[in-house]
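Trainee: First the structure, which I've put down as structure tokens, then a few questions once you've had a look.
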Amino acid sequence: MLKIYNTLTNQKEDFRPIDPNNIGIYVCGMTVYDFCHMGHARVLVMFDVITRHMRRNYPNVQYIRNITDIDDKIISRAIENNEDIYSLTNRFIDAMHEDEKALGVLSPDIEPRATDSIDHMIDMIELLSKKGLAYEGKNGDVFYSVRKFRNYGKLSGKNLDDLVAGARVDIESNKQDPLDFVLWKKAKPSEPKWSSPWGEGRPGWHIECSAMSTHFISNHFDIHGGGMDLTFPHHENEIAQSEGANNCKFVNTWMHVGFVNINDEKMSKSLKNFFTIRGVLDKYDGETLRYFLISSHYRSPLNFSDTNIESAKSALKRLYTATKGFSSSKKIDVKVGMTFDYEDRFDAALNDDFNTPIALSILFEIAKQVNIERSKDSEHAASLAQLLKKLGNYLGILEYDAELYLQQGSELSEAEVSIKINQREEARASKNFAMSDQIRDELLTLGIILEDSIDGTSWRRK
RNA sequence: GGCUGGGUAGCAAAGCGGUUAUGCAGGGGCCUGCAAAGCCUUAUAGACCGGUUCGACUCCGGUCCCAGCCUCCA
């Protein structure tokens, strides 16, 4: 039984699908005015792990992740660059796709752009107006009347009076209540605009997710996720909009991914302490990064540092090393009873609120067993290695041939290394160990490590 | 101030009321011509104070500290 921590109830709950044959997942994606950073990477990778696991357990999982391609930041960045918003957003959408590919993230089933769903948003705002939940302010903007929605605050555990007392609410004379939020913004001259019953303008941020999730999935669906900072106000407002408009429960399970921190502080654009995915990929391969991101539980904070990624790199290398030599496509039957309950325990870990650290620890148990069996029972070792690769793939790691992975980024070609290895073999055969060690040291300075075994000498990158 | 989380060994990170988490790094050993990898072995935990219990890192209460949200943010 899959258990998921639900932000709505602040506890782990049994996941009971609305329709087991049709699971709906909606995740708030990127606002595309800049390159994705490590925080985005964590959300991308975690929901990739989550949907991969869901797909193994349910026949049809519909995964939707939107793209916010219209908002204030996009507009101001486009003006700054003196370019059309679409040329800006298209560029960063392409960049995002490159990044997620490098991280081994599978594409969502649908990736709707806000600007393609303006009609659905207008429909929803009209519905809210009809129900008396929305009103037009003095400046022509349309607002949601938060106090008219009974359950406002249920997701984030806030109550309206506390929010007012917090005094961090802006004084906005156009609103009836300072907590009300914008559904539709009147266009200023030279801003991108769409026509609507309230004149030309553009949608507020929150309405797009309510409109797109209900349109592409249903008024009521299973899982809605995003980064933790979206809990309030974004997701709270989505609930107000969707439930206010449709008179039914919006989402059963709300999932929120913890932050990536720098020196124990949230990584964010406003703090200017962020690292872009592509910046990190200059130094580390995508799978190392992915391993790093899944090495802690998705709700815990994750501290980003070179030391921590280096340690992820070493750990992943250990798993690859264990599968080395078994990567041939030769089909081996996994012997019943010889793999113990590794796979069951692996599944149980993921079923327990997607506990990737435990799932990974089981991969290490298998790796150790492969190493032990290697010299004793090679067939058993091979079947374990196959299992290791299979379970790794479920998490989106161990996707490459071990040999190739361990040799990637080498300055010398395969052939060049082979020549050196052969020279060294000759030296060793004639017991000229000074010479053989010299060759090995020479390669080491080029970042290449040689490993002698009964099967001969193999090499890998340091 | 209100609301969430959290404080675990050198570092990272989990589960668990009593039995080895796991990885990286360290010590000793085996293997090796020497290495590397691997295997065996080993040390180092549970912020603090009380309580419940035969027994608590794990449950309850309190204290201290940290992070996040309450404003755009994944």
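The values are calculated or read from the model by the stated rules, or taken from the named source; none is laboratory data. Every value quoted in this text rests on a predicted model; they were computed, and no experiment measured them. In this analysis, Cβ positions are derived from the backbone assuming ideal geometry, glycine residues included, and neighbour counts consider all displayed protein chains.
Trainee: In this structure, does A:W184 turn out to be in contact (Cβ under 8 Å) with a residue 24 or more places away in the chain, over 17 Å from A:V45 (Cβ atoms) and under 20 Å from the mean Cα position of the chain (by Cα)? Full working, then the answer.
Mentor: Numbers: in contact (Cβ under 8 Å) with a residue 24 or more places away in the chain: yes; over 17 Å from A:V45 (Cβ atoms): yes; under 20 Å from the mean Cα position of the chain (by Cα): no.
No.
Trainee: Kindly provide the set of residues from segment A:330-357 that are modelled with pLDDT under 95, of a type outside the set (A, V, I, L, M, F, W, C) and more than 12 Å from A:L391 (Cβ to Cβ), ordered by number.
Mentor: Across segment A:330-357, the qualifying residues are A:K330, A:K331, A:D333, A:K335, A:G337, A:D341.
Trainee: Another question about this same structure. Among the listed residues A:A429, A:A415, identify the single one that is within 11 Å of RNA strand B (Cβ to nearest atom) and loosely packed, with under 13 Cβ neighbours inside 10 Å.
Mentor: Numbers: A:A415 fails: within 11 Å of RNA strand B (Cβ to nearest atom).
Unique residue meeting the criteria: A:A429.
Trainee: May I ask you to verify whether A:F47 is in a helix (DSSP H, G or I), aromatic (F, W, Y), over 25 Å from A:D347 (Cβ atoms) and in contact (Cβ under 8 Å) with a residue 12 or more places away in the chain? Talk me through it step by step, then tell me what you get.
Mentor: Working: in a helix (DSSP H, G or I): yes; aromatic (F, W, Y): yes; over 25 Å from A:D347 (Cβ atoms): no; in contact (Cβ under 8 Å) with a residue 12 or more places away in the chain: yes.
In short, no.
Trainee: Taking interchain pairs and intrachain pairs at least six residues apart, which have beta carbon atoms under 7 angstrom, with the first residue in segment A:101-119 and farther than 21 Å from A:Y33 by Cβ and the second hydrophobic (A, V, I, L, M, F, W, C) and surrounded by fewer than 18 Cβ atoms within 10 Å (Cβ to Cβ)?
Mentor: Pairs that qualify, where the first residue is farther than 21 Å from A:Y33 by Cβ and the partner is hydrophobic (A, V, I, L, M, F, W, C) and surrounded by fewer than 18 Cβ atoms within 10 Å (Cβ to Cβ): there are none.
Trainee: Still on this structure, please answer the following. A:Q423: within 13 Å of RNA strand B (Cβ to nearest atom), in a helix (DSSP H, G or I) and within 34 Å of the chain's Cα centre (by Cα), yes or no? Show your work before the answer.
Mentor: On the way: within 13 Å of RNA strand B (Cβ to nearest atom): yes; in a helix (DSSP H, G or I): yes; within 34 Å of the chain's Cα centre (by Cα): no.
The answer is no for A:Q423.
Trainee: Based on what the data block shows, is A:I449 more than 11 Å from RNA strand B (Cβ to nearest atom), of a type in the set (V, I, T) and either closer than 26 Å to A:D285 by Cα or touching a His at 6+ places or on another chain (Cβ under 9 Å) (or both)?
Mentor: Numbers: more than 11 Å from RNA strand B (Cβ to nearest atom): no; of a type in the set (V, I, T): yes; either closer than 26 Å to A:D285 by Cα or touching a His at 6+ places or on another chain (Cβ under 9 Å) (or both): yes.
Answer is no for this residue.
Trainee: Still on this structure: Taking segment A:336-383 only, how many residues are more than 8 Å from RNA strand B (Cβ to nearest atom), of a type in the set (A, V, I, L, M, F, W, C) and over 25 Å from A:F292 (Cβ atoms)?
Mentor: The total comes to 5.
Trainee: So, of the residues in segment A:439-448 that are loosely packed, with under 14 Cβ neighbours inside 10 Å and without any contact (Cβ under 8 Å) to a residue 24 or more places away in the chain, which turns out to be nearest to A:Q407 (Cα to Cα)?
Mentor: Start the filter on segment A:439-448 by keeping residues that are loosely packed, with under 14 Cβ neighbours inside 10 Å, which leaves A:441-442, A:444-445, A:447.
From what is left, the residues that are without any contact (Cβ under 8 Å) to a residue 24 or more places away in the chain are A:441-442, A:444-445.
Values: A:D441: 17, A:E442: 17, A:L444: 13, A:T445: 15 Å.
Filtering first and then ranking leaves A:L444.
Trainee: Let me ask something additional. Can you tell me which residues in segment A:74-91 are touching a Ser or Thr at 6+ places or on another chain (Cβ under 9 Å) and buried (at least 18 other Cβ atoms within 10 Å of the Cβ)? It would help to see each step written out before you state the result.
Mentor: So in segment A:74-91, the residues touching a Ser or Thr at 6+ places or on another chain (Cβ under 9 Å) come out as A:74, A:78-79, A:81, A:85-86, A:89.
Those that are touching a Ser or Thr at 6+ places or on another chain (Cβ under 9 Å) and buried (at least 18 other Cβ atoms within 10 Å of the Cβ): A:I74, A:A78, A:I85, A:T89.
Trainee: Taking segment A:382-400 only, how many residues are modelled with pLDDT under 95 and assigned to a loop (DSSP other than H, G, I, E, B)?
Mentor: 0
Trainee: State yes or no: is A:K266 over 26 Å from A:G409 (Cβ atoms), modelled with pLDDT under 95 and in contact with a Phe, Trp or Tyr (Cβ under 9 Å, 6 or more places away or on another chain)?
Mentor: Details: over 26 Å from A:G409 (Cβ atoms): yes; modelled with pLDDT under 95: yes; in contact with a Phe, Trp or Tyr (Cβ under 9 Å, 6 or more places away or on another chain): yes.
Spelling it out, A:K266 is indeed over 26 Å from A:G409 (Cβ atoms), modelled with pLDDT under 95 and in contact with a Phe, Trp or Tyr (Cβ under 9 Å, 6 or more places away or on another chain).
Trainee: Search segment A:197-222 for residues being outside any helix (DSSP H, G or I) and touching a Pro at 6+ places or on another chain (Cβ under 9 Å), and hand back the single one that is nearest to RNA strand B (Cβ to nearest atom).
Mentor: The qualifying residue nearest to RNA strand B (Cβ to nearest atom) is A:R202.
Trainee: Search segment A:223-234 for residues being in a helix (DSSP H, G or I) and of a type in the set (A, V, I, L, M, F, W, C), and hand back the single one that is surrounded by the most Cβ atoms within 10 Å (Cβ to Cβ).
Mentor: Kept after step one, since they are in a helix (DSSP H, G or I), are these residues of segment A:223-234: A:228-234.
Those still in the list that are of a type in the set (A, V, I, L, M, F, W, C) too: A:228, A:230, A:232.
On the way: A:M228: 18, A:L230: 22, A:F232: 15.
Top of the filtered list is A:L230.
Trainee: What's the number of the only condition in (1) under 23 Å from A:E98 (Cβ atoms); (2) surrounded by 23 or more Cβ atoms within 10 Å (Cβ to Cβ) that A:D71 fails to meet?
Mentor: Of everything listed in (1) under 23 Å from A:E98 (Cβ atoms); (2) surrounded by 23 or more Cβ atoms within 10 Å (Cβ to Cβ), A:D71 misses just condition (2).
Trainee: Right, A:L281: more than 14 Å from the chain's Cα centre (by Cα) and exposed (fewer than 13 other Cβ atoms within 10 Å of the Cβ) or not? Don't jump to the end; show me each part of the working.
Mentor: Values: more than 14 Å from the chain's Cα centre (by Cα): yes; exposed (fewer than 13 other Cβ atoms within 10 Å of the Cβ): no.
Criteria not met by A:L281.
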